[in-house]
1. Here are some values of volume of the Cα convex hull per residue in Å³: [x] 174; [y] 208; [z] 124. Which one was computed from this structure?
2. What is the spin-label model distance, in nm, from residue 23 to residue 113 if the labels are put 7 Å beyond Cα along the C-beta direction?
3. Determine the distance separating the Cα centre of the range 46-111 from the Cα centre of the range 8-30; give it in Å without decimals.
4. What FRET efficiency would be calculated for the residue pair residue 79, residue 50, taking the C-beta separation as r and a Förster radius of 25 Å, to the nearest 0.05?
5. Mind giving me the nanometre distance, one decimal, between the label points for residue 39 and residue 58, set 7 Å out from Cα along Cα→Cβ?
6. Over the Cα atoms of the range 1-82, compute the convex hull volume and normalise it per residue, giving Å³.
7. Need the full-extension length gain, residue 14 to residue 105, defined as separation in residues times 0.36 nm minus the C-alpha distance. One decimal, nm.
8. Which residue, 41, 81, 147, has the most motion in a Gaussian network model of the chain that connects Cα atoms within less than 10 Å?
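Values quoted throughout were computed directly from the atomic coordinates according to the rules given, and no laboratory measurement underlies them. Remember, it's a predicted structure, so these values are computed and weren't measured experimentally. Cβ: placed from backbone, ideal geometry, glycine included. Neighbour counts: every protein chain shown.
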């Protein structure tokens, strides 16, 4: 699939360290990987179609890339703290991302920045979108509220790896 001799897409660094991959029935593999120093290592989420032996590893997102909307601060990813997932019978993947605050708003003249983590996935056009984040209590972002709660409750944090069944619940 990939080894320490492969150059990481979008950089001059080579792969050095890997987390557990997620593999589906069609041979798509999504994984978290990093390079090694001497400067700041490249860290990111990658995908490859193992059923097509000529396919190349593709970058999904790396640290420093801009976070998907909603993002009015041009926030970038800081880390991907869990291994990504891919669904069994398709190419829907999801991963957890930690980043700078993605949203700034003003209340009573005071500016506030919020939203430092989320779950991100690809949509049917293979574009990265926000599946869920911490903005649920902000007017206009109610779709990100914790489901099944009786009061406005936003997600506080996302632990572990996201789960993506045959059709992701957030698709």
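1. Among [x] 174; [y] 208; [z] 124, the one calculated here is [z].
2. Here the modelled spin labels are 4.2 nm apart.
3. 15
4. On the way: r = 26 Å, r/R0 = 1.04.
Calculated transfer efficiency: 0.45.
5. That separation, rounded to one decimal, is 2.7 nm.
6. 111
7. Details: separation 91, 0.36 × 91 = 32.76 nm, distance 4.00 nm.
Result: 28.8 nm gained on full extension.
8. 147
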